[in-house]
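Below: one structure, written as structure tokens.
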Amino acid sequence: LFSLWRYNRGITAPIFLFTAGTVFTYLLLSRKENFAENPRVKKGIKRAFLLIGIGYLLRYPTPTFIDFSGVREWQWRVFFSVDVLHLIGFSLLIILLFAYFAEKTKINYYAAFGGAALLNIVLYPFVSQVNWIEIFPAPVAAYFYRGSGSLFPLFPWAAYVILGAILGTFLSKNSLAFRSIKFSLYIALLGILSIAISYGGKIIESSLFETYYFSQRFLDIFFERVGIVLLINSALSLIAIKVESIPQIIILIGRNTLLIYVVH
């Protein structure tokens, strides 16, 4: 039971992040205005900086706000470390950046977000090996690796949010797709493929190297979790086909995501 609970605990953040990217991008691209005229852009920037600000406020090192004389070194490390609110905030900014890039260069949104996610995943093994605190100031270095005490650095955690943006893009163009059995099956197949990549990587790496490089970089866990998140989305899509109405409490909660983020 403990192992099951612990495993489910590891799935919580990927579901949370993936959903944040899906919903944000769906709302952003559902508006058919140009990027500069889309009101969701301004709202998204405000939401991003609000999340980042609250993230720092929750870890503020002194109750006096202005007197830092009693703040110790470990308290500064805690203050600068990146948690889930910082991560979501910066990930939303990344989605906006690549949405702007896609519009200006006429690149497909799927290609833009897919490229951003792939870049994050590919760079992670290299980024994680760098001692960023020797390159950047502590507040900046904390966004790149766990060595500074960060729980959710941008690599590889932002990839979950950006992958959610791909699904959000699809739903913005096919708003009723989630009520299709075909859509549910496609999502399930993608989930199974992602899990297969995870376990296939384990087998290949363990047979080629004495040191299990793939596992050390958590990429196997990453693909496994992405697969599980997709399977959950597939299951929810199947349920949605049968559901005719959503309870009001669910709608109310869905309209107050900022509160949900902060309380969590």
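If you take the residues of the range 8-22 that are in contact (Cβ under 8 Å) with a residue 40 or more places away in the chain and hydroxyl-bearing (S, T, Y), which of them is least open to solvent (accessible area, probe 1.4 Å)?
T22
Here is a list of conditions, (1) open to solvent by less than 30 Å² (accessible area, probe 1.4 Å); (2) modelled with pLDDT of 90 or more; (3) within 21 Å of T25 (Cα to Cα); (4) not basic (K, R), and A177 meets all of them except one; can you say which number that is?
So the condition that A177 fails would be (2).
Check whether at least one residue in the range 147-170 is assigned to a helix (DSSP H, G or I), over 21 Å from the mean Cα position of the chain (by Cα) and on the phi < 0 side of the Ramachandran plot, and report yes or no.
Checking the range 147-170: not a single residue is assigned to a helix (DSSP H, G or I), over 21 Å from the mean Cα position of the chain (by Cα) and on the phi < 0 side of the Ramachandran plot.
Is the range 106-118 home to any residue that is in a helix (DSSP H, G or I), among the charged types (D, E, K, R), more than 12 Å from the chain's Cα centre (by Cα) and over 25 Å from T12 (Cα atoms)?
no
Can you tell me which condition N34 does not meet? The list is (1) under 20 Å from the mean Cα position of the chain (by Cα); (2) open to solvent by 20 Å² or more (accessible area, probe 1.4 Å); (3) in contact (Cβ under 8 Å) with a residue 60 or more places away in the chain, and all the others hold.
For N34, the failing item is (1).
Report every pair of residues separated by at least 6 positions or lying on different chains whose Cβ atoms are under 7 Å apart, first residue within the range 70-82 and within 18 Å of L154 (Cβ to Cβ) and open to solvent by less than 80 Å² (accessible area, probe 1.4 Å), second assigned to a helix (DSSP H, G or I) and not aromatic (F, W, Y).
Going by the 7 Å Cβ cut-off, the qualifying pairs are F80/A138; F80/P139; F80/S148; S81/S148.
Just to verify a result, which residue in the range 105-132, among those that are crowded, with 16+ Cβ neighbours inside 10 Å and of a type outside the set (G, A, S), is farthest from L29 (Cα to Cα)?
Selected residue: W132.
The values are calculated or read from the model by the stated rules, or taken from the named source; none is laboratory data. What you see is a predicted model; the values in this text were computed from it and never measured. Virtual Cβ from ideal backbone geometry, glycine too; neighbours counted across all protein chains shown. The accessibility values were calculated without ligands, DNA or RNA, using every heavy atom of the protein model including side chains. Shrake-Rupley method; radii C 1.70, N 1.55, O 1.52, S 1.80 Å.
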